Amino acid sequence: MMQFLETNAPILVPLDGSEHATYALAVARRLAELLGADIHVVHVAATPMSPAEWRAKWRDDAVLSRAVLHVRAGDPAENILEVARERRCGIIVMCTHTGLPKPEGRMGSVADRVFRTAPCPVILVRPDRRYDDWQLRTVLLPHDATPASALAIAPARRLIERAGAKMIVLHVRDMAAPPPQEPGAIPPPQYVDQAQYEWPAWAQEFLDRLGRETDYAWLHANVRLVLGEGSPAEAVLRTARERDADLIACAWHGTLDPQHAETLKRMIAATPCPLLIMRV
Amino acid sequence: MQTAAHPPFRVMPTGDERWLIRETGFSQDREHDLESIFTVSNGRFGVRGSIAEGSPLSHPATYAAGFFRSDGAHGRQAVTLPNVALLRATADGLPFSLSTGRILQHERVLDLRQGLLWRRWVHETSDGRIAFILGVRGASITDPSLLFQGCYLECHNFTGDLLVEAGIERLPLDGATRMDVFEDREQGIAGVSLFYSPPGKSAGLAESAKIVGAAGAIAPSEFIESEGGFHRRWKLTARVGDALRFERLTTVSVTGAGQAPAREAAPAAAAAAARGFDDALARHAEEWARRWSRADIQIEGDDDAQRKLRFAIYHLLSAAPVDEGVSIGARALTGEGYRGHVFWDTEIFVLPFYLLVDPGAARRLLTFRWNGLDAARRRAHDLGYAGALFPWEAADRHTDETPEYFVSPTGEIVPIFSGRQEHHISAGVAWAVWRYWQATHDVDFLLTAGCEILFETARFWASRGRFEPDGRYHIAGVMGPDEYHSNVTDDAYTNHMARWNLARAAEAAEWLAGQNLARARDLYRRCRLSTGVVAEWRAKARQMADGFLPGNLLLEQFRGYSKIAGGVTVGSAPPPPLTGRKETDPWIKQAAVVLLFQLLPRDYSDDVVAANLAYYAPRTAHASSLSPSTYALVAGRLGERALARRFFMQAADIDLSSRAGNASGGVHIAGMGGLCQATLFGFAGLQTEDGGLSFRPHLPEGWSGLRFQVQWQQRRVAVQIRENGNLLDAELVEGEDISVSLAGGPTVRLGSQAGRRRELRPFAQESPMRPA
């Protein structure tokens, strides 16, 4: 079931009280502007801070400005997910981890549980940098050539239309993996009788099948198809860096089989920009 | 209205699954692929198998053989003619559409036996109105200008207003510079004229369309002209159980350059309508049955392979040109892929099938090359050579249409070397001429066109290479069928085919010199032949560097290949590259040396074939749709039964599999020709010779028998291979005596004296052939 990026639906930002957690807020605020959404902040702790303690901790009003605060006691992930469901949130924006860096760039346990079971798309933000000046100009959409993956195009389009951004669709040909078996998948052709016709024809067909999920005129005017080779995660990260992507928007099949899990983990660990994960 | 007579059409769908390609349900995932697969074509026109009412991914184009337009700097482009099968219906304002309401049943069935595309559809509109729909369409093979489409609709559970809409509609960016629409209400004919650049190119489409209920024909109530063409509308009141039948007969003309081509096409549409829809349908189905009686290859023991082989034969029969001077593009008339251009594939992979079932079609293909001989001479001259060099990519003007470069999906500009270096195409055309001559003894063709093609291509090869100090004749700066390596010297495929071309031209010149006909003498003079010229061709053929590595049976693919040939891991062939490959890469794109064993089977002994197959198989990426069938053929010849079947199925799945992913621009017609060749020349072990046929069957794993007919030198022989290849039943069906042998056993005669039918069993182990 595709999770849609609903406009006007609240954007949820979990804050655990750390400075790092607030980095996600800058991204959330820009998205809220674009989508016309409200910000809801959820704070969960064994002993939650009181409103007075919140105000004392963050003298900077920007943190809580125009935000609705939810304070909960108990398990952080469970409570974040509960608020997301209760408030029918459209996106959860959160840091991959707070506090000390995790080995091999892994996510914190809370973020890990939230993104796996969230009822809406999740944007993960690395705490390596602040995003105060974050703008959405270029969205990178990795696409594994399957119809399921193509479902991410429509919600991503909503975002980029509002931001006036452009979209790069990246397909990575992974030599080490068998081609996708999903019916309707359009991996690069097995037969290239004459390269001058086969490759452009493949690119056209790839976009046509993608266009089925949105509309062709918009697609051809706003989307650039890029083909990469090698490890999918590394190709996505490299392309994101080379093309100054502001957001990587991924369709996720919701399974964590070893191959997909490794790709996703690697992208989460090293993404140079916020990473939007939409379960399809 | 009341219920129309049953069954809905005089011809109804075939019931045997071995004759059907079926797609059940509806998903747009592969719609472009399916449109290609389901194309109906008659060699003059092709209509893609699109959903009649359209879908967001539909590309319902029509194509005409040999009909190109200018596309500015991009050269010649096959014209995309309008959608001639547009048909929509609504019940009380709600559409019968796959994207609304509920699909209760939906399937499209390509009926290979009858050359028809069927569509069975039971649909419930969003307010619960259910209709049973049976659609049929075809491209008439009894009247090649005629396309027909029928649709039977039965109101299952509703009474109300039906609106039916049909028309001819152009596709976006079709390149037409002007359009005229006309309607002749009295005749019930309407049409569209389209004009293209350069001026003088035009197409006319005219249709008779009517709806018939139990009370007779119902006239359309509206005619609407639009920017894209026209629509006719029928407004009807239907009751539960009522049935109606939509009948459309469309004629297309692209030959005239008149001012109103649609009006010129109209009388034929009116005449077809007067004969009736069922008449067109029935005559078409009868003619398909007749064609299949000569062209079918029946496989015993493997229904999956049978269905796929018939799918290939269906498209080959559908593609066979009916007009002189047109050829078959890489995707036939099933899509716009390859811009409709004609490559070497047509002569090497497609034409041999026609030689055995429809030699007239083979002659028409060669006439296309004959028409291009002057352009080929100019091309050779412009490059500094003598004779004729045929274009790598040909369209209607016979100039080379190969682009210099293309932009890859990674954004890189990639140079294209095939147009500049794949000169082997000239030998391929000569090979096809010679094979046609052997198959038909068509002296008229040889004197009109064939000899001159042989001589001019030989002249090209005589100027293309040079003698080097080793005393051998070498050809440098070419690319063979292996397009992973460019600018090579002594490409084995090119050299061997050039050698063969020179030798056959010399043979033809000597034959010509021996003819007493004035026409022959004129030709000899006109072609500037002499004993000196013939001696030169023979010498260069004799001294051609053949690439045999010293001390073994291996043919080196090109000079120096053996030095880079190591370093491959078996089974790790890389996928097709995006931007070309390093010249030092050992991987070979497709069968190249191994293809020689398909084309010139008598020139190589089995031990040479076996050694080279074993050497090149692990180094070949099969990144061309032409490659698997060649490997199937050669593996079959050697009796590698498991390997043969694996490659056969790989070739058979090129378009039908959802994983190859590139049938959207049309089917791979050459791969289909290769599949038939693999079956006949590889598995049946058919070898043709003057006055006879020999067989050395090696059936693939799981196949117990084969049945087919072979047309050879004005004779037709029905062949049955049974008992896993140990019994051959041959019957002379047509023509004079012919000799037949099985597996090196004694030759027997079939004919009036000896009896027209004989059973043969292998006599003894045959002796292996040695290299020429």
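Key figures
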read-out	value
Cβ-defined net charge surrounding residue B:453, 12 Å radius [Lys, Arg +1; Asp, Glu -1]	0
Cβ-derived FRET efficiency at R0 35 Å, residue B:55 paired with residue B:240, nearest 0.05	0.75
For residues of A:177-190, the mean tally of beta carbons on other chains within 10 Å	5
Spacing of the two label points (7 Å from each Cα toward its C-beta) at residue A:218 and residue A:244, in nm	2.6
Max mean-square fluctuation residue, GNM over chain A, Cα-Cα springs under 10 Å, options A:112, A:75, A:16	A:75
Farthest positive-ward along the range B:383-431 dipole, Cα basis, beta-carbon charges - from B:402, B:391, B:428	B:428
Where labels lie 7 Å past Cα in the beta-carbon direction, separation of residue B:183 and residue A:117 in nm	6.5
Overall form of the range B:254-357 per C-alpha gyration tensor (a/c, 1.5; a/b vs b/c)	oblate
Estimated inter-spin distance, residue A:73 and residue B:279, nm [label 7 Å along Cα→Cβ]	9.3
Estimated FRET transfer efficiency (residue B:260, residue B:142; beta-carbon r; R0 25 Å; 0.05)	0.40
Cβ charges +1 (Lys, Arg) and -1 (Asp, Glu), total dipole of chain B, debye	1200
Set of the range B:710-742 residues, backbone N closer than 18 Å to the point 7 Å along the Cα-Cβ line of residue B:752	B:714-717, B:732-739
Charge dipole (debye, nearest 20) of the range A:170-280; +1 at Cβ of Lys and Arg, -1 at Cβ of Asp and Glu	320
Backbone HN-Hα couplings from phi across the range B:136-145 [Karplus 6.51/-1.76/1.60, Hz, Gly and Pro as x]	9, 8, x, 10, 4, 9, 8, 9, x, 8
Label point 7 Å beyond Cα of residue B:173 along Cβ direction - residues of the range A:177-206 with amide nitrogen under 14 Å	A:200-206
Calculated [θ] (222 nm, deg cm²/dmol) that DSSP helices of n ≥ 4 give over chain B, each run adding -39,500 (n - 2.57)	-9000 deg cm²/dmol
Charge dipole magnitude, Cβ of K and R +1, D and E -1 - the protein assembly as shown, Cα centre, debye nearest 20	720
With DNA, RNA and ligands ignored, accessible area of residue A:267 (1.4 Å probe; Å², nearest 10)	10
Kirkwood Rh, angstrom, the protein assembly as shown [1 / mean 1/r, Cα pairs]	32.0
Relative contact order for the range B:344-417, counting Cα pairs under 8 Å that sit 6 or more residues apart, in percent	16
Relative contact order of chain A, pairs being alpha-carbon contacts under 8 Å that are 6 or more residues apart, as %	22
0 to 90° range, to nearest 10: angle between helix B:451-464 axis and chain B longest Cα axis	60
For the protein assembly as shown: accessible area per residue (Å², 1.4 Å)	37
Label-zone membership for the range B:366-391, site residue B:474, 7 angstrom Cα→C-beta point, backbone N under 20 Å	B:385
Helical segments meeting 20 Å axial Cα length and Kyte-Doolittle -1.0 threshold in chain A (DSSP H)	A:195-211
Cα principal axis extents for the range B:317-412, largest first, Å	44, 37, 19
In the A-B interface, the accessible area buried, summed over both sides, Å² (probe 1.4 Å)	3200
Per DSSP, loop GluC sites (Glu not before Pro) in the range B:263-315 with at most 12 further Cβ within 10 Å	none
Estimated FRET transfer efficiency (residue B:226, residue A:161; beta-carbon r; R0 25 Å; 0.05)	0.25
Separation between Cα centres of the range B:146-187 and the range B:361-408, rounded to whole Å	40
Amide H partners (placed H, <5 Å) of residue B:556, local residues excluded	B:548, B:549
Coil-residue GluC sites (Glu not before Pro) of the range B:498-600, DSSP, other Cβ within 10 Å capped at 15	B:583
Degrees, to the nearest 10: B:261-275 long Cα axis against longest axis of chain B	70
For chain A, the longest site-free run once trypsin sites (Lys or Arg not before Pro) in DSSP loop states with at most 10 other Cβ atoms within 10 Å are removed	A:67-280
Amide proton proximity set for residue A:120, modelled H, under 5 Å, gap of 5+	none
Separation of alpha-carbon centers, the range B:289-323 and the range B:195-222, rounded to whole Å	32
Loop sites in the range B:404-439: GluC sites (Glu not before Pro), DSSP, at most 12 other Cβ within 10 Å	B:404, B:412
Net +/- balance of residues flanking residue B:284 in space, Cβ distance below 13 Å, scoring K and R +1, D and E -1	+1
Positive-end residue, the protein assembly as shown charge dipole about Cα centroid, Cβ charges, pick of A:179, A:140, B:330	B:330
In Hz, Karplus ³J(HN,Hα) per residue of the range B:575-586 (6.51, -1.76, 1.60; θ = phi - 60°; x = Gly, Pro)	x, x, x, 7, 9, x, 10, 5, 5, 8, 6, x
Charge dipole (the protein assembly as shown, unit charges on Cβ, about Cα centre) - positive-most of B:80, A:121, B:548	B:548
For chain B: relative contact order, % (alpha-carbon pairs under 8 angstrom, 6 or more apart)	11
Test item: B:405-411 mean partner chain Cβ contacts at 10 Å	6
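The values are calculated or read from the model by the stated rules, or taken from the named source; none is laboratory data. None of these values were measured; they are calculated from a predicted model. A quick note on method: Cβ atoms are made from the backbone with ideal geometry, for glycine too, and the neighbour counts reach across all protein chains shown. These area figures cover heavy atoms from the full protein model, side chains too; ligands, DNA and RNA do not enter into them. Shrake-Rupley method; radii C 1.70, N 1.55, O 1.52, S 1.80 Å.
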